[in-house]
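First the structure, in the form of structure tokens, and then the observations on it.
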Amino acid sequence: MKAMLSDGYEANISDQLANDWKFLTVLRKIDKGETSLIVDAAEILLGSEEEVERLANHLEENGVTSVDAMVDAITELMNSANDLKNSEPSPA
């Protein structure tokens, strides 16, 4: 499914993530303080290292992509995907 940042950046996110045990486990570990796993969460969310790099390049300012910008973007993409999924009409 498509997810979008407020600045118009689009990413494809698997609609299977809501039921992905590995992704949930990584998010739980991040929540418990293993913040370096945000890189793993980004790769799972976006599907590849290349897509993570594409997002990092999009967010880069003055040659630097801040960690805060990446975390905010990943959070926004997850929320966007969730919002889009919840707004889809249910099958008849």
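Details
- The stretch 55-72 residues that are in contact (Cβ under 8 Å) with a residue 24 or more places away in the chain, paired with ones that are outside any helix (DSSP H, G or I) (beta carbon under 6 Å, 6 or more apart): 58/9
- The lone criterion from (1) surrounded by 15 or more Cβ atoms within 10 Å (Cβ to Cβ); (2) over 10 Å from the mean Cα position of the chain (by Cα); (3) at pLDDT 90 or above; (4) of a type outside the set (Ser, Thr, Tyr) left unmet by residue 73 is number (2).
One line per residue, one yes/no per condition, for (1) among the aromatic types (Phe, Trp, Tyr); (2) at pLDDT below 90:
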{"site": "7", "(1), (2)": "no, no"}
{"site": "18", "(1), (2)": "no, yes"}
{"site": "23", "(1), (2)": "yes, no"}
{"site": "28", "(1), (2)": "no, no"}
{"site": "37", "(1), (2)": "no, no"}
{"site": "62", "(1), (2)": "no, no"}
{"site": "85", "(1), (2)": "no, yes"}
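The values are calculated or read from the model by the stated rules, or taken from the named source; none is laboratory data. These numbers come from a predicted model, not from an experiment. Methodologically, a virtual Cβ is constructed for each residue, glycine included, from the backbone with ideal geometry; neighbour enumeration extends over all protein chains shown.
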